[in-house]
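Engineer: Handing you a structure now.
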Amino acid sequence: MAPTATAKVNGTVIASSDLYETVEGNIYFPPHSVNSEFLEKSDTSSYCPRKGTAAFYNVKVDGVTIKDAAWCYPEPKDKFRPFKDFVAFCMYAPLMLHLKRVPFRLHKTKPVIESIPE
């Protein structure tokens, strides 16, 4: 069984699952594992020739909005179809992704790794 991956903003869990997929260094959470009350549709989109068009979301927690901090592929291309609507999160403070009980944060393009107390 895979370790649990968790996306948190300032201690609030946005997504958590042991059924996630890692693609190109990003952790993609299955739709049912994401708490959508913290996501707000953004007008931003991007295109990847391998995955298709990504739809972005702002993450809103405790009155703080992190613009375009999450994305998914609602109509993915070919090989990415199994990950339809899976949600990925940017890994920067204050948004933190936890994997194997170690949070990874990106701060100004420099990764920071911290231990989580037992």
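Nothing in this text is a laboratory measurement; each read-out follows from the coordinates by a stated rule. Predicted model, so just to flag it, every value in this text is computed and none were measured. A quick note on method: Cβ atoms are made from the backbone with ideal geometry, for glycine too, and the neighbour counts reach across all protein chains shown.
Engineer: Tally time: how many residues in the range 62-77 are among the β-branched types (Val, Ile, Thr) and either buried (at least 16 other Cβ atoms within 10 Å of the Cβ) or within 20 Å of Thr22 (Cβ to Cβ) (or both)? Talk me through it step by step, then tell me what you get.
Structural biologist: Start the filter on the range 62-77 by keeping residues that are among the β-branched types (Val, Ile, Thr), which leaves 64-66.
Of the ones still in play, those that are also either buried (at least 16 other Cβ atoms within 10 Å of the Cβ) or within 20 Å of Thr22 (Cβ to Cβ) (or both) are 66.
Total meeting the criteria: 1.
Engineer: Another question, if that's okay. Among the strands (runs of 3 or more DSSP E) lying completely within the range 6-61, list those that include at least 3 residues that are exposed (fewer than 13 other Cβ atoms within 10 Å of the Cβ) and free of Cβ contacts under 8 Å to residues at least 60 places away in the same chain.
Structural biologist: So the answer is 39-48.
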